[in-house]
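Notes for the one structure printed next.
The values are calculated or read from the model by the stated rules, or taken from the named source; none is laboratory data. If you're wondering where the values come from, they're calculated on a predicted model, not measured in any experiment. Cβ coordinates were reconstructed from backbone atoms using ideal geometry, including for glycine residues, and neighbour counts include every protein chain displayed.
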Amino acid sequence: MLTLFHAPRSRSTRILWLLEELGADCAVRYVGIRYLDGSGTGPDPANRHPDKKVPALDHDGTIVSESTAVALYLCDLLPAAGLAPAVGDPERGAYLTWLCWADNELGAAVMQRMMGGGRDPQAAASYDAAMRRLTEALARGPYLMGARFTAVDVMIAPFLAFARPHLPESAAIDGYLARMAERPAHARAQARDLPPAQAA
Ligand SMILES: N[C@@H](CCC(=O)N[C@@H](CS)C(=O)NCC(=O)O)C(=O)O
């Protein structure tokens, strides 16, 4: 049995979307967390994440935390959905690279800029490098790995949407985000991204 420990409007929202794309049968356990703006309640004793953060996945008692690990785990568990090149597929290396790049490079560089670190030359170089990689990939498109929609899109598009005001003007980024938001699984995940009392 799969259970996702989830809080709305957080890093685990992209895991909700991933579950929908995978067609996974997964219970969602809503837990309280303390948000960066000071709202919310946490730590929640019901949360099985070792640091009481989200996301955390419970698979028959095995706990997986860290968003990238959760995404890898789910895609490998449910390969029929085709969201991940398998081990041995020539695209597997690029897939792993993109997944790790998402938070380690893109997320770090953009968050540093959002927090006002843009004047530091090293931070500016990291931001420029991340934007270059992103725009080159989107110029090939339609997905970050080219013709194939993968978990990479699920992990990166929501961050781009969140950070959009801090990214360059770009019809390619806007078009990409619009295409991602049109996916039926994305809409289903948005509808689930509410505390149960507010869900329809
Ligand atoms: N590196 C972790 C970060 C998880 C994380 O910081 N999640 C936030 C929500 S976006 C959280 O649970 N914050 C609550 C807290 O820090 O107590 C991941 O990517 O899964």
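Miscellaneous remarks
- Residues that are aliphatic (A, V, I, L, M) and without any contact (Cβ under 8 Å) to a residue 40 or more places away in the chain were ranked within the stretch 78-110; the one that is nearest to the ligand (Cβ to nearest atom) is Ala108.
- Residues satisfying the stated conditions in the stretch 142-159, i.e. over 15 Å from Val70 (Cα atoms) and small (Gly, Ala, Ser): Gly146, Ala147, Ala157
- Top-ranked residue of the stretch 10-46 - restricted to ones that are of a type in the set (Val, Ile, Thr) and either surrounded by 21 or more Cβ atoms within 10 Å (Cβ to Cβ) or closer than 22 Å to Thr68 by Cβ (or both), ranked as farthest from the ligand (Cβ to nearest atom): Val28
- Any chance Thr68 is surrounded by fewer than 17 Cβ atoms within 10 Å (Cβ to Cβ), in contact (Cβ under 8 Å) with a residue 40 or more places away in the chain and hydroxyl-bearing (Ser, Thr, Tyr): yes
- Pairs with Cβ under 6 Å, 6+ apart, first in the stretch 47-61 and outside the structural domain of Leu36 (by TED's automatic domain parsing) and farther than 9 Å from His6 by Cα, second within 15 Å of the ligand (Cβ to nearest atom) and in a loop (DSSP other than H, G, I, E, B): none
- Residues in the stretch 53-63 that are more than 10 Å from the ligand (Cβ to nearest atom) and surrounded by 18 or more Cβ atoms within 10 Å (Cβ to Cβ): 2 in all.
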